[in-house]
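Structure first, commentary second.
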Amino acid sequence: MKKKNRSQRVWREGLIVLIAMILCSPISRSQIGSNTVDWGVQPMDFSRVGTAGWQFMKLPTDARSVALGGVQSALGFGNANSSFNNPASIADVADMDIQFSSMNWVADIKYSTIAFVKNFGGIGTVGVNCAYLNYGTMMRTRVAEGFDASSGASLGIIPLLEGQGTFGAHDLALGVSFSRQITNALQVGGTLRYLEEQIDDAKMKTWALDIGTMYWTGLGSLRISMLGRNFGSDGEFESYADRVAQPPAKVRLPMQFILGTAYDVLETKGTGSQRLTIAAEYVKPNDGPDKYRVGMEYFAFSNIYLRGGYKFNYDEESFTFGFGAEYGVAEPFVIKMDYAFAKLGRFQSAQIFTVGMSF
């Protein structure tokens, strides 16, 4: 009888949390996104889109968060990839964890990440991570007067490709993370990154800081997270060829404030344990409109994950899904594999794979 009552209470609390998540989204949008003043004055429309660079810092770094609609901060049960998402969650790592992810982004852009985390007990949890985006090889062009090959007639000022060779471009982020379990309910963490961007012989670099928290409220498994991403100085190209007539302007970081919440609607332990988690996030960027993300993760049979999510107020991105599995080779060595698919509208889709190991 007690077990039945407890089960009913868990489902009731989970339903309340889910309803609150759904109701809060339109309320927040109407209060924050409205451009109408109570006195009837219509302010000038203004869009922040395109006012920040370093856009690769917004790309997903692991299959789990991609499959959950991009939800990052409040999931809990973190691993080494949490150093990219919410560094407070790397405190969940029991001893050591390493994760590697690979993704083919739009236009055949290759994106790879690797992260390693070690828990030092009372000292805290420390991690290192790297993200590398390779744009591939591109044809070099030169704007000059062109001539017809057969007649020799002038074609005017046109872009010339022949004999110009090729060039490459990449983005790089190297980070160090630290997290501590302050109390049984509160986790705090941060990640400091060195950022580099190179296009041909032009290079730019700067640094960025992420600060995250995870608070377990004590209302069942309800947790709330706050995350500030990409705080740092503007970047500026330090070197470029004389063919650039005017020095490029400084490039702002794509700063974000993320408020998230998650709740385990169902959780059983022991043999054949299960867990059903729902999560939602509100994202406030400095270079675009507010965004909303929701996701759901089902953990079954102690080693299988099924995931799905949706992104609201994005130009092209929408639904996502994925799955994962973990297998204990020998205590305490565990291998993890995850896959995610993301619909990108006119850019078709993207797929990401993550492989990890826990010790």
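The values are calculated or read from the model by the stated rules, or taken from the named source; none is laboratory data. Treat the numbers as computed from the prediction; the structure is a model and nothing was measured. Heads up, the Cβs are rebuilt from the backbone with ideal geometry, glycines too, and the neighbour counts pull from every protein chain shown.
General observations
- Residues located in the range 47-65, provided they are within 13 Å of the chain's Cα centre (by Cα) and either within 26 Å of residue 217 (Cα to Cα) or among the aromatic types (Phe, Trp, Tyr) (or both): 56, 64, 65
- If only residues of the range 91-111 that are buried (at least 17 other Cβ atoms within 10 Å of the Cβ) and outside any strand (DSSP E or B) are counted, the one that is nearest to the chain's Cα centre (by Cα) is 105.
Yes/no per residue for (1) within 30 Å of residue 90 (Cβ to Cβ); (2) touching a residue at least 12 places away in the same chain (Cβ under 8 Å):
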| site | (1), (2) |
| --- | --- |
| 117 | yes, yes |
| 145 | no, yes |
| 152 | no, no |
| 157 | no, yes |
| 180 | yes, yes |
| 199 | no, yes |
| 216 | yes, yes |
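- Residue 176 among the aliphatic types (A, V, I, L, M) and farther than 30 Å from residue 275 by Cβ: yes
- Here residue 140 clears all of (1) modelled with pLDDT of 90 or more; (2) touching a Gly at 6+ places or on another chain (Cβ under 6 Å) except the condition numbered (1).
- Every residue from the range 112-126 that is in a loop (DSSP other than H, G, I, E, B) and over 24 Å from the mean Cα position of the chain (by Cα): 120
- In the range 133-186, counting only strands (runs of 3 or more DSSP E) that sit wholly within it, the ones holding 1 or more residues that are under 24 Å from residue 112 (Cα atoms) span 166-181.
- Selection status of residue 265, farther than 22 Å from residue 340 by Cα, at pLDDT 85 or above and not in a loop (DSSP other than H, G, I, E, B): yes
- Filtering the range 147-163 for residues that are out of contact with any Phe, Trp or Tyr (no Cβ under 9 Å at 6 or more places or on another chain) and under 20 Å from residue 229 (Cβ atoms) leaves an empty set.
- Within the range 337-359, residues that are without any contact (Cβ under 8 Å) to a residue 40 or more places away in the chain sit with their Cβ atoms under 9 Å from residues that are part of a strand (DSSP E or B) and of a type in the set (D, E, K, R), at 6+ positions apart or across chains, in these pairs: 337/326; 349/343.
- The conditions of being hydrophobic (A, V, I, L, M, F, W, C), in a loop (DSSP other than H, G, I, E, B), modelled with pLDDT of 90 or more and buried (at least 18 other Cβ atoms within 10 Å of the Cβ) are not met by residue 66.
Let's see how each residue does on (1) surrounded by fewer than 19 Cβ atoms within 10 Å (Cβ to Cβ); (2) modelled with pLDDT of 95 or more; (3) of a type in the set (Val, Ile, Thr):
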site: 177; (1), (2), (3): no, yes, no
site: 184; (1), (2), (3): yes, no, no
site: 191; (1), (2), (3): no, yes, yes
site: 195; (1), (2), (3): no, yes, no
site: 200; (1), (2), (3): yes, no, no
site: 204; (1), (2), (3): no, no, no
site: 210; (1), (2), (3): no, yes, no
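- Pick from the range 339-351, criterion modelled with pLDDT under 95 and in a strand (DSSP E or B), ranking: surrounded by the fewest Cβ atoms within 10 Å (Cβ to Cβ): 349
- Enumeration of residues in the range 247-262 that are surrounded by fewer than 23 Cβ atoms within 10 Å (Cβ to Cβ) and either part of a strand (DSSP E or B) or of a type in the set (Asp, Glu) (or both): 251, 256, 257, 259, 261
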